[in-house]
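The values are calculated or read from the model by the stated rules, or taken from the named source; none is laboratory data. This structure is a prediction, so every number in the text was calculated from the model and none was measured. FYI the Cβ positions are ideal-geometry reconstructions off the backbone, even for glycines, and counts take in every protein chain you see. Remember, those area values only see protein heavy atoms, side chains included, never the ligands or the DNA or RNA. Shrake-Rupley method; radii C 1.70, N 1.55, O 1.52, S 1.80 Å.
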Amino acid sequence: MPEPQSPTPPPQEVRLRATAVSPGVATGVFVAYRPHEHSVKRRRIREEDVPAEVARLEAALLETRHQLHDMRERLAATLGEKDASVFDAHILVVEDATLLEAVNKQLNERLLNVDFLYYQLTKSYVKKMREVDDEYLAERAQDIVDVSRRVLRNLQGLKNDMALDLDGPTIIHAHDLTPSDTATFDRSKVIGFVTEIGSKTSHSAIMARSLNIPALVGLRDLAMQVDPGTEALIDGYEGLLILNPTPQTKYEYGQVTSRRHAEEEKLARLRDTLAITTDQRRITVSANVELPEDLPLVRDNGAEGIGLYRTEFLYLNRDDIPTEDEQVEMYRQVAEAAKPHSVIIRTLDIGGDKALGHLGIEQELNPFLGWRGIRLCLGRPELFKVQLRALCRASTEGNIRIMFPMITEIGELRAAKKLLAEVQDDLRREGVPIADKIEVGMMIEVPSAALLADVLAREVDFFSVGTNDLIQYTLAVDRANERVADLYQPTHPSIIRLLRMVVQGAHNANIWVGVCGEVGGDIALTPLLVGLGIDELSLGSVNVPRVKKAIQALNYHECRDVVDSMLAQSLTPYENLKWLEEIARKHYGELF
Ligand code: PEP
Ligand code: MG
């Protein structure tokens, strides 16, 4: 008689702690995302399949060639012949007959699928080339890697590197997520992110918050422990990943979610109120926007326009540079979404953790200290001018203000303004309508700019402080590295001092100063920003009602006195933080 089978016990619930970087609760299937490992399966084929496999490879090579020629042409039109020539080496790889012959030979001898053979052969070529200590060969090896990825994608009919085949609600786990990874995910399916590295101010975390998707960082070696397809619950309030949540756990989290929603609905009633302190100081609260999908949230949450539109996301996840017309269209949409208020559009801030492969920019040892933001734009005026032209053309649509990132001294600011003036002259000469006056501002995100605030303030219409970078560069703490996250301290006395200098520099020159870094959305720090005399806060849309409520509960003079005493005493960052939290809890404890 067969033994009676005992039912398989339900999988054990496991709770793992991590750092919460975006609030919310979500339940879905856990999927590991490994964009750089191309999965190529090995499959036996029959002898009679060989011609079809050869034809498949030839078609993929032809398609790749077309794509590369296309990209080359578009790049030549926008950036010029020199930059476009990076694709010549790639085209040579696709046209290399030796590789094709080798694959054909192996197809007949080994009877394996052509993707696998092409993958194996290119891999072994690359390995051999890298074994020779030669810079030229190393560069050619990298060309083969890039091209073979594209060929394999074409062979497999994938649209792009990041294509993830998702069935339903999914929690993505990755070692790290670049902003371009995050931007490509199917928003209707990806409901949470968990990464091994990263921090609150890394751009993927910033995006998760704007998209209202819960996210955790700092869960190392997790993929090893979790079977694909495992159900997971992500708690972005407390920083918990729960694998195989029991029905009881799911029920409890259902309660948490309803409670939070009720609180949010209450806050949403503040949408149309203004952020005025109890002693009548008014602060503008506007929104930060990364992706077009964020635009409806601006008005829904009662933001007073857009205080930071990060244009680099327009350039990510594509093989070419957005054309002037495409950009005009996008900026018009953004200006429309901000109405009746203004939008501050920041010019391209590529670099740091926002890499852009197809510009042919070499990898740098310290990208955050490298060719980033305005440095790259001034070095590539042909590229920069396309954006400036598009911004000027769109300026007739609404109130568009232009802001330059990563300025470190007056020369850079003047150079950027000079290019803008040239573009304006060209457009006027061409008879293209543009706004009579476009306000120009700059980010204060490098300590040198903060120290020169009084000088810089004379030549711009406004400042917006990028605390994400200002803290990183002042304290020498990588904003995206969780290992040093405890050293990343917005309440460090040096930061408070720099902020004070910036506000004084701005106000003495009669210009306004905003904050568009992540500290703007942290209600524990609102008393600090109010007390410093900041005029505008720009933050992720979903946090706008909460921050408005916090400001409405504070007294500017009280906050100013606290900041004065902080600066006068020798306090630690922790002591400053505790003091600010105490004030925040006293006035709006219910918001925490
Ligand atoms: C900042 O540095 O604070 C900022 C707003 O810019 P980003 O986060 O895009 O570097
Ligand atoms: Mg910045």
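Could you tell me the calculated FRET efficiency between residue 132 and residue 112, based on Cβ-Cβ distance and R0 = 22 angstrom, to the nearest 0.05?
E(calc), rounded to 0.05, equals 0.20.
To make sure I understand the rule: partners must be lysines, Cα under 27 Å from the Cα of residue 418, and not fewer than 8 residues away in the same chain. Which ones qualify?
Candidates past the 8-residue exclusion: 82, 354, 385, 437.
Across 10 Å bins from the origin, how do the percents of Cα pairs in the chain run, short distances first?
Whole-percent P(r) values from 0 Å outward: 3, 15, 24, 24, 18, 10, 4, 1, 0, 0.
What whole-number value in cubic angstrom gives the convex hull volume per residue for the C-alpha atoms of region 269-591?
About 131 Å³ per residue, rounded to a whole number.
Apply the a/c threshold of 1.5 to the C-alpha gyration tensor of region 296-451 and tell me whether it is rounded, prolate or oblate. Working shown, then result.
On the way: a/c = 1.40, a/b = 1.29, b/c = 1.09.
In terms of gyration-tensor shape, rounded.
With the other protein chains left in place, how much accessible area per residue, in square angstrom, belongs to region 363-410 at a 1.4 angstrom probe?
Ligands and nucleic acids excluded, the figure is 36 Å² per residue.
Could you rank the peptides 275-287, 514-526 by their average count of other C-beta atoms within 10 Å per residue, with the highest value first?
So the peptides 275-287, 514-526, ranked by packing, come out 514-526, 275-287.
Rounded to the nearest 20 debye, what is the charge dipole size of region 47-156 about its Cα centre when +1 sits on each Lys and Arg Cβ and -1 on each Asp and Glu Cβ?
On the way: 15 positive and 23 negative charges, 58 e Å.
Computed about the Cα centre, the dipole is about 280 debye.
Once you place label points 7 Å from the Cα toward the Cβ at residue 476 and residue 230, how far apart are they in nm?
In this crude label model, residue 476 to residue 230 measures out at 3.9 nm.
Which value, in Å², gives the accessible area per residue of region 459-592 when a 1.4 Å probe is used on the protein heavy atoms?
In whole numbers, region 459-592 has 37 Å² accessible per residue.
Kindly rank 48-57, 296-305 from highest to lowest mean number of other beta carbons found within 10 Å of each residue.
Ranked from most to least packed, the peptides come out as 296-305, 48-57.
When the accessible area of region 470-592 is computed with all protein chains present and a 1.4 Å probe, what percentage of it is carbon and sulfur?
That share works out to 49 percent.
Looking at the chain only, what percent of DSSP beta bridges run antiparallel? Nearest 5 please.
30 percent
Let's see if you can work this out: charge +1 on each Lys and Arg Cβ, -1 on each Asp and Glu Cβ, no other charges. What is the dipole magnitude of the chain about its Cα centre, in debye to the nearest 20?
With Lys and Arg at +1 and Asp and Glu at -1, about 980 debye.
May I ask what percent, to the nearest 5, of DSSP beta bridges between residues of region 269-591 are antiparallel?
5 percent
Tell me the GluC sites (Glu not before Pro) within region 430-464 that lie in a loop according to DSSP and have at most 15 other beta-carbon atoms within 10 Å.
Filter output for region 430-464: 430.
Please turn the phi angles of region 468-480 into ³J(HN,Hα) values with the Karplus equation 6.51 cos²θ - 1.76 cosθ + 1.60 (θ = phi - 60°), one per residue in order, whole Hz, x for glycine and proline.
So the J values, rounded to whole Hz, are 4, 7, 4, 5, 4, 6, 6, 9, 6, 10, 4, 5, 10.
Of 250/578; 339/417; 189/250, which ones are farther than 30 Å apart at the Cα?
On the way: 250/578 34 Å; 339/417 26 Å; 189/250 19 Å.
Pairs exceeding the cut-off: 250/578.
Straight-line reach from residue 266: which lysines fall under 22 Å, measuring Cα to Cα and dropping same-chain residues less than 8 apart?
In chain and number order, the partners are 548, 549, 586.
Restricting attention to region 399-499, which chymotrypsin sites (Phe, Trp or Tyr not before Pro) occupy a DSSP loop and are surrounded by at most 14 other Cβ atoms within 10 Å?
In loop regions of region 399-499 (DSSP not H, G, I, E or B), there are no sparsely surrounded chymotrypsin sites (Phe, Trp or Tyr not before Pro).
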